[in-house]
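Right, one structure below, let's go through it.
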Amino acid sequence: MSDSFLITLGVLAASASGLWAWHRWHHRSFWLCLGYPLTAITVRFTWRKVALGCGLTKKRQRFWFTTVPGLVASTGVVRVKRKFQRIAVDTKPWMWFPLPTRYGWRVTLHLLEGQIPDDYAQVAERLAHSWGVHAVRVSSPRPGRVILAATIRDPLVRVDRFPFSTELLKVTVGRLETGKPWVIDFRTVPHWLNAGATQSGKSNLANALIIGLSSQPVALVGFDLKGGVEFTPYGPRLSALATSRAECVDLLDDLVRLMVDRMTACRTAGARNIWQLPEDRRPVPVVVLVDELAELYLMADKSEKEEIAKTSTALLRVAQLGRAFGIYLFCCGQRIGSDLGPGVTALRAQCSGRICHRVNDPETATMTLGDLDPAALVSARAIASETPGVAIVASQDGQWYRARSFYVSEAAAEHAARMYADLTPSWTDITTGEHSAEVTDADLAQFLTPDPVVPEPRKG
Ligand SMILES: Nc1ncnc2c1ncn2[C@@H]1O[C@H](COP(=O)(O)OP(=O)(O)OP(=O)(O)O)[C@@H](O)[C@H]1O
Ligand SMILES: [Mg+2]
């Protein structure tokens, strides 16, 4: 072998390992300097083929040079000639140049006549395969435009931590697929349903909330009908905890009475909610955490029927009026289906925040996420058991996101609960007030907020 060949081989090997090391150790700069420009050019130049393959083109009449049969030569060969004529041509949607994002790239397209963003959402999986990326998400910032956001690898396999939010009733619990923080803000979305199969990460999310809220001036209340195994360790930071059905009924009674007191206070001060009260007279917000919601509705024997009916009514009332009076619900459960009774269906309609972790059956996903984009349901069912904490999140903006909570061990949540134990308001102090005797339906209606935001699931 000649020297020059060996030198070329050596240079190639050194460049390849250099590129590998760059990609391995500083992926971000590698992606921006090399990966992204090459990808963007390829995407731009192969768009016609991809759009055709995914059925996103339209036939349009255009003047075009075509070859048509001409004269027959003396040899018998048919000579073709070029002719400029009007024919139907496949037209692709206009594509801007792709822009880099944290986890891939995004590109804006102009819709062709008769197209809607849903046409693109339906072929998102085909697009992802054509481009060899993890996923393509479709959004439409304004009429006539769609943005395709491609993520190269699943960004939720490992999530880096964000600092916890310090704003009242706002907790950064994880990261969205877009790279943005996943924030649970009770003041914007007061009540949440958090569903998922066993070991899907529901309690982990509740732990993240406990850590986030422990340092804030709020009261935390727990309902844990699994015998208290989940919430008892956080006792030092809980103002009240119910672990049996009888305790649940009492605690819900307290909550309804608390709401009525706050309602009276608001009415006297001419305020529509506690946030309109002067700061020194504003009562402490209460966040109610429920682990395994179904336990509140399941009947072991007939004798519990009355208690369950009471629980169901009280919980629903808290959900209907809680927002105005600073009482917020976070309900976790493996199943939140209508088989648990009409109370659950009504409660679900009041909970505009929806979180769906990995589920075993499509019904739970449909029940939790409601009538969202069918792609959200497909995404929820595709969550792997190897990635606990990954969930589909739907909230007030009508959008849905894939997200993953930060891993929060029970020990960490327990530590936070002990550390901030002195911030725990006493339940007696919170619930002591001049209880107004009667509240009429007209009083309640005055404070009812227009809900729900997430539509109920489609029948069938
Ligand atoms: N975001 C996360 N990142 C990494 N690991 C997680 C995450 N969330 C949960 N896990 C892991 O998954 C396990 C199960 O989580 P968790 O206890 O929250 O599930 P669950 O849905 O509450 O289950 P169950 O219905 O049995 O109570 C935990 O032990 C934890 O190790
Ligand atoms: Mg759990």
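No value in this document is a laboratory result; all are computed from the given coordinates. All values reported here derive from a predicted model rather than from experimental measurement. Ideal geometry is used to build each Cβ from the backbone, glycine not excepted, and the neighbour counts take in all protein chains shown.
Averaging sequence separations of C-alpha pairs under 8 Å and six or more residues apart, then dividing by the length of segment 87-153, give the relative contact order as a whole percent. Can you show the working numbers first?
Details: 109 pairs, mean separation 22.0, N = 67.
Answer for segment 87-153 is 33 percent.
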### Query
Say each of Ala309 and Ala412 gets a label point 7 Å from the Cα, pointing the same way as Cα to Cβ; how far apart are those two points in nm?
4.6 nm
### Query
Straight-line reach from Lys226: which lysines have Cα under 28 Å away, leaving out those fewer than 8 places along the same chain?
Lys170, Lys202, Lys302, Lys305, Lys310
### Task
Quick one: net charge around Phe406, please, counting Lys, Arg +1 and Asp, Glu -1 for every other residue with C-beta under 13 Å from its C-beta.
+3
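Using Cα pairs under 8 angstrom and six or more residues apart, how large is the relative contact order of the chain, in percent? Numbers along the way, then the final one.
Numbers: 822 pairs, mean separation 70.9, N = 460.
Normalised by residue count, the contact order of the chain is 15 percent.
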### Message
I want to check the label-to-label distance for Thr198 and Ile116. Put each point 7 Å from Cα in the C-beta direction and report it in nm to one decimal.
### Response
4.2 nm
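Show me the ranking of peptides 170-176, 53-59 by mean Cβ neighbours inside 10 Å, starting with the highest. Intermediate results must be reported in sequence, preceding the final value.
Details: 170-176: 22.0, 53-59: 15.4.
The densest-packed peptide leads the list: 170-176, 53-59.
Could you tally the net charge around Thr67, taking each other residue with its Cβ under 11 Å from the Cβ of Thr67, Lys/Arg +1 and Asp/Glu -1? Each step should come with its number before you reach the end.
Working: positive: Arg79, Lys81, Arg82, Lys83; negative: none.
Taking every Cβ under 11 Å from that of Thr67, the sum is +4.
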### Query
³J(HN,Hα) across segment 249-259 via Karplus (A = 6.51, B = -1.76, C = 1.60, θ = phi - 60°), whole Hz, x for Gly/Pro?
4, 5, 5, 5, 4, 4, 5, 5, 5, 4, 5
### Query
What are the aspartates and glutamates whose alpha-carbon lies under 13 Å from the alpha-carbon of Lys92, with same-chain residues fewer than 8 places away excluded?
Glu113
### Task
Compute the FRET efficiency between Ala346 and Arg60 as 1/(1 + (r/R0)^6), taking r as their Cβ-Cβ distance and R0 = 56 Å, and round to the nearest 0.05.
0.60
### Query
So between Glu167 and Leu298, what do we pick up on full extension, going 0.36 nm a residue minus the alpha carbon distance?
43.5 nm
### Summary
Length gained, Thr46-Asp373, 0.36 nm per residue minus C-alpha separation, equals 114.9 nm
#### Entry: For segment 235-276 and segment 350-408, distance of Cα centres in Å
29 Å
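Add +1 for every Lys or Arg and -1 for every Asp or Glu among the other residues with Cβ under 9 Å from the Cβ of Leu52, and state the total. Walk me through the numbers before you get to the answer.
Working: positive: Arg48, Lys49, Lys92; negative: Asp90.
Combined, the nearby Lys, Arg, Asp and Glu give +2.
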#### Entry: Span from the segment 133-170 Cα centroid across to the segment 115-132 one, whole angstrom
17 Å
## Note on the structure
With only helices counted (DSSP H, runs n ≥ 4, each -39500 (n - 2.57)), the per-residue ellipticity at 222 nm for the chain, to the nearest 500, works out to -11000 deg cm²/dmol
### Task
Just flag the trypsin sites (Lys or Arg not before Pro) in segment 239-277 sitting in loop per DSSP whose Cβ has no more than 16 other Cβ atoms within 10 Å.
Arg272
### Query
Which value, in debye to the nearest 20, gives the size of the charge dipole of the chain about its Cα centre, when Lys and Arg are +1 and Asp and Glu are -1 at the Cβ?
3780 debye
### Message
What does the extension gain come out to for Lys180 and Gln276, with contour length at 0.36 nm per residue minus their alpha carbon separation?
### Response
31.5 nm
### Query
Which is the longest stretch in the chain that no exposed loop site breaks, taking sites as GluC sites (Glu not before Pro) with a DSSP loop state and at most 13 other Cβ atoms within 10 Å?
168-385
